[in-house]
1. Of all residues in the stretch B:112-135, count the ones that are assigned to a helix (DSSP H, G or I) and under 12 Å from B:A196 (Cα atoms).
2. B:L179: loosely packed, with under 15 Cβ neighbours inside 10 Å and within 19 Å of the chain's Cα centre (by Cα), yes or no?
3. Is there a residue being free of Cβ contacts under 8 Å to residues at least 60 places away in the same chain and crowded, with 20+ Cβ neighbours inside 10 Å anywhere in the stretch A:19-41?
4. Filter the stretch A:20-33 for residues that are more than 11 Å from ligand 1 (Cβ to nearest atom) and hydrophobic (A, V, I, L, M, F, W, C) and give the result.
5. Just to be sure, is A:I36 assigned to a strand (DSSP E or B) and near ligand 1 (Cβ under 9 Å from one of its atoms)?
6. Suppose we keep only residues that are assigned to a helix (DSSP H, G or I) and small (G, A, S) within the stretch B:136-164. Which one would you say is farthest from the other protein chains (Cβ to nearest Cβ)?
7. So, B:R167, is that one among the basic types (K, R), within 14 Å of another protein chain (Cβ to nearest Cβ) and either farther than 30 Å from A:L162 by Cα or more than 14 Å from the chain's Cα centre (by Cα) (or both) or not?
8. Select, from A:Q61, A:Q89, the only residue that is away from ligand 2 (no atom under 16 Å from the Cβ) and either within 9 Å of chain B (Cβ to nearest Cβ) or over 16 Å from the mean Cα position of the chain (by Cα) (or both).
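Rule-based calculations on the coordinates, nothing more; no lab input. Small disclaimer: the values here were computed from a predicted structure and weren't measured. Reconstructed Cβ throughout: ideal geometry from the backbone, glycine too, with neighbour counts over all protein chains shown.
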Amino acid sequence: MAQTAIELVGVNKWFGTFHVLKDINLTVGTGEKVVICGPSGSGKSTVVRCINRLEEHQKGQIVVDGTELTNDPQSVAAIRSEVGMVFQQFNLFPHLTVLENLTLGPIKARGMSRTDAKAKAMQYLERVHIPDQANKRPGQLSGGQQQRVAIARSLCMEPKVLLFDEPTSALDPEMISEVLDVMVGLAEEGMTMVVVTHEMGFARKVADNMVFMDAGEIVEQGPPETFFAAPKSDRCRKFLSQILQH
Amino acid sequence: MKKIFVFLIPVLLLAGCSSSSTWGWYVIDPRTENGWINVKFLLSGMGDTILISVIAAVISIVVGLVVALPALSERRWLRIVNRIYVEFVRAIPLLPMLFWVFYGLPIVFKSMGMNVPIDPFWGAVITLALSDSAFTAEIYRAGIQSIAKGQTEAAQTIGLNYLQTMRYVILPQAIRRILPPLANQFIYIVKMSAFASVIGMQELTRRANELVVTEYRPLEIYSLLVLEYLVLVLIISAGVRWLERKMGADERE
Ligand SMILES: Nc1ncnc2c1ncn2[C@@H]1O[C@H](COP(=O)(O)OP(=O)(O)O)[C@@H](O)[C@H]1O
Ligand SMILES: [Mg+2]
């Protein structure tokens, strides 16, 4: 794997006439953890979704593990196979069991045998501490359990990079830590991660680079020590004081 | 002259009474030999009515899906292709479409150097399938669109391609929204299959028409015809309701 896992250079995106991303420049080194924060509507989700082509950028360059993201379906497929994603709303497949949720990708997209896929799925369910739920439907699990299943589902594809879009925002407070614990574990094992979150305790613990976005721009970025202690811009200072109050 | 007229009127009236202005259930009374023959003759169209309807429904279910998929595309021109098909097909009344397929389509084939004769059976099947496919397509579209976008996105992030996403993620979830209205649509096909009688297909309606010509008992014969469709449709309705209950139960699970 290249030194640079993800590189965004001058990325711009419009929704119709609405300029949602303005000249985004961001480099994520291999093994690095980047935490993106910022007010609602600032474009955090859109940045993350552009990295695996759930949204299309109109200007600039996105390179993932040495492959540039273009309209070529092969480039999109290549990049998606390197990049896993965890959504705010989990997006588990409700008609399949937990185990089937995990084995679907390996079997259908990777052509893995059923037995191997099952073994791998069980291994990752152990890792997120819910092997005993393998045969339940997602609807029978708590939110925290569902999100851990979603993380395990991503891991089954053996991604080089994991994207998280507010993974704990839809959870009841008492379930947040069980998901963050799993994420900290992944971080410690060296996974490259881009995490949109307002969990600043988590950010302080794992982030190598903090990114603050507002109105479609990256206003400020830097290592957490300086980012939290001495934010340079007013907007960032104001945002941090608001979310750190509680 | 006048006397003859006065005499003629009651005679004409009586003649009317004795043929069709009174009840004459004997024509379809299964207890009499002739009545039983007539009833069997009428019922013998049932097989073809069902066969035409089932084959047309199966074709419509496949064609409808193929027509629906472009409607869900990001590409505008694909959505337009879908719109044109649906609006166009939905706008054509069944009878003219039937005439066009039965009398016109073979000529189209011939002009392309192909000799494809279309018999009444396939003429009816093609027309019904074509006409119904526009409705089936709309049912698929609504069903698929009712599945949250996050499902497609999750499928994409684990590397599934378009067809795999449809096959393993979207359709299995959409099916419970699709199947009940699709089954309901089958009732439409069964009823519309009566039009096949005008191109000579020997189904329920045609049999009734033929018997009316020989027996001259339209009231009794068409009453039985109506009853035949009623029973057929009620059976299908019961099936649809059973399906709806089953799907609803699955959803709550
Ligand atoms: N599909 C879309 N079409 C139009 N506007 C969108 C779409 N998705 C997001 N937006 C708009 O883009 C802006 C940024 O959205 P988003 O990236 O979701 O922000 P964040 O994740 O920071 O809350 C918001 O103003 C939102 O309303
Ligand atoms: Mg967001």
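1. Step one: of the stretch B:112-135, the residues assigned to a helix (DSSP H, G or I) are B:120-135.
So of that shortlist, the ones also under 12 Å from B:A196 (Cα atoms) come out as B:120-128.
Selection size over the stretch B:112-135: 9.
2. The answer is no for B:L179.
3. No, that holds for no residue.
4. In the first step, residues of the stretch A:20-33 are kept if they are more than 11 Å from ligand 1 (Cβ to nearest atom); the result is A:22-33.
Of everything in the stretch A:20-33, those that are more than 11 Å from ligand 1 (Cβ to nearest atom) and hydrophobic (A, V, I, L, M, F, W, C) turn out to be A:I24, A:L26, A:V28.
5. On the way: assigned to a strand (DSSP E or B): yes; near ligand 1 (Cβ under 9 Å from one of its atoms): yes.
The answer is yes for A:I36.
6. The initial filter retains those residues of the stretch B:136-164 that are assigned to a helix (DSSP H, G or I), namely B:136-145, B:149-157, B:162-164.
So of that shortlist, the ones also small (G, A, S) come out as B:137, B:142-143, B:150, B:154-155.
Numbers: B:A137: 23, B:A142: 18, B:G143: 14, B:G150: 4, B:A154: 4, B:A155: 8 Å.
Out of the qualifying residues, it is B:A137.
7. On the way: among the basic types (K, R): yes; within 14 Å of another protein chain (Cβ to nearest Cβ): yes; either farther than 30 Å from A:L162 by Cα or more than 14 Å from the chain's Cα centre (by Cα) (or both): yes.
In short, yes.
8. Values: A:Q89 fails: away from ligand 2 (no atom under 16 Å from the Cβ).
None of the other options fit; the residue is A:Q61.
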